[in-house]
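**Student:** Quick one: structure below, then a few questions.
The values are calculated or read from the model by the stated rules, or taken from the named source; none is laboratory data. Only a predicted model underlies this, so the values are computations on that prediction, with no experimental measurement involved. For neighbour counting, all protein chains shown are included, and Cβ atoms are generated from backbone atoms with ideal geometry for every residue, glycine included. These accessible areas exclude ligands, DNA and RNA; they are computed on the full protein's heavy atoms, side chains included. Shrake-Rupley method; radii C 1.70, N 1.55, O 1.52, S 1.80 Å.
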Amino acid sequence: EAGVTQFPSHSVIEKGQTVTLRCDPISGHDNLYWYRRVMGKEIKFLLHFVKESKQDESGMPNNRFLAERTGGTYSTLKVQPAELEDSGVYFCASSQQDNEKLFFGSGTQLSVL
Amino acid sequence: SQKIEQNSEALNIQEGKTATLTCNYTNYSPAYLQWYRQDPGRGPVFLLLIRENEKEKRKERLKVTFDTTLKQSLFHITASQPADSATYLCALDVNTGFQKLVFGTGTRLLVSP
């Protein structure tokens, strides 16, 4: 069984540019989460999808971040325009319905210069 | 304020000994607590979940305790091996019914041969 896949694994962009991160959850997992870890800090929740619907986006830092999950399969997280403080590792995770166990991807390391 | 604390200093132990990691939290009332393992460049991997009405949970060489009065969880690895070297994260749910987890910063474990 394929795990959670994230692309790209690394992205280096300049301040003001746009970056789109992609996450492919485990097939059949309705729940999809985005988390982020900035340097020296703990992993923090960004948002949660159930299928294609956003259930909770309370962790999104500001309106420069836009997450989508069209069709309830893969998800994208776009940062536009990127700022220096957006640098960090962005993790995607998925889980089955009514199951607390989260499966994480390897993350996308985003560096904004 | 709400806080989850894990020992930020690395824990160094000899192979074969028992490693004990601590997770303390304040101003949370989690329904359950999870422990994850994270290796460099990888996403967290789920290890164990313990619910608020459970005192102890075991899985192979792993044991987790949960004291809701002390607001503390202990994570034990018995007969530790160099392959157990990793960062271990505790995570609490915030009682939303979904996996909106709040993570500690993690404790790095180093097991020497």
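**Student:** Ignoring ligands, DNA and RNA, please state the percent of accessible area on the protein assembly as shown from carbon and sulfur, probe 1.4 Å.
**Tutor:** Carbon with sulfur: 46 percent of the solvent-accessible area.
**Student:** Okay, next question. Taking only the alpha-carbon atoms of region A:5-101, what semi-axes of the equivalent ellipsoid follow from 5 times the gyration tensor eigenvalues under a square root, in whole Å, largest first?
**Tutor:** Semi-axes from the Cα gyration tensor: 22, 14, 12 Å.
**Student:** Classify the protein assembly as shown as rounded, prolate or oblate from the Cα gyration tensor: take a ≥ b ≥ c as the square roots of its eigenvalues, call it rounded if a/c is under 1.5, otherwise prolate when a/b beats b/c and oblate if not.
**Tutor:** prolate
**Student:** Would you mind getting the accessible area per residue of chain B, heavy atoms of the protein chains only, 1.4 Å probe, in Å²?
**Tutor:** Value returned for chain B: 51 Å² of accessible area per residue.
**Student:** Mean-square fluctuation check for chain A, GNM, Cα pairs under 10 Å: which of A:Gly40, A:Gly59, A:Gly16 is largest?
**Tutor:** Comparing A:Gly40, A:Gly59, A:Gly16 in a Gaussian network model of chain A, the most mobile one is A:Gly40.
**Student:** Can you list the residues of region A:37-79 whose accessible area drops by at least 20 Å² going from the chain on its own to the full set of protein chains, with a 1.4 Å probe?
**Tutor:** In region A:37-79, residues shielded by partner chains: A:Arg37, A:Glu42, A:Ile43, A:Phe45, A:His48, A:Asp56.
**Student:** For region B:36-90, take the alpha-carbon Rg, divide it by the Kirkwood Rh, and send me Rg/Rh.
**Tutor:** Rg divided by Rh gives 0.99.
**Student:** Can you compute the FRET efficiency between B:Lys57 and A:Gln17 using 1/(1 + (r/R0)^6), with r the Cβ-Cβ distance and R0 = 35 Å? Round to the nearest 0.05.
**Tutor:** Given R0 = 35 Å and the Cβ-Cβ separation, E is 0.15.
**Student:** Per residue, how much accessible surface does region A:5-101 expose to a 1.4 Å probe? Answer in Å², no decimals.
**Tutor:** Result: 51 Å² per residue.
**Student:** OK, next. Pick out which of B:Thr69, B:Thr26, B:Thr18 has the largest mean-square fluctuation in a Gaussian network model of chain B, springs linking Cα atoms closer than 10 Å.
**Tutor:** Evaluated over chain B, the most mobile residue of the options is B:Thr69.
**Student:** Treating only the Cβ of Lys, Arg, Asp and Glu as charged (+1, +1, -1, -1), what charge dipole size does chain B show about its Cα centre? Round to the nearest 20 debye.
**Tutor:** It comes to approximately 140 debye.
**Student:** A further question on this structure: Total Lys pairs in chain B closer than 25 Å by alpha-carbon, pairs eight or more apart in sequence or interchain only?
**Tutor:** The result is 19.
**Student:** Output the residues of region A:89-113 meeting this criterion: accessible area (heavy atoms, 1.4 Å probe) in the chain alone minus accessible area with all protein chains in place is 40 Å² or greater.
**Tutor:** So the qualifying set is A:Glu100, A:Lys101, A:Leu102, A:Phe104, A:Ser106.
**Student:** Follow-up question, since we're still on this one. List the accessible area buried at the contact between A and B, summed over both sides and calculated with a 1.4 Å probe, in Å² to the nearest 100.
**Tutor:** Counting both chains, the buried surface is close to 1700 Å².
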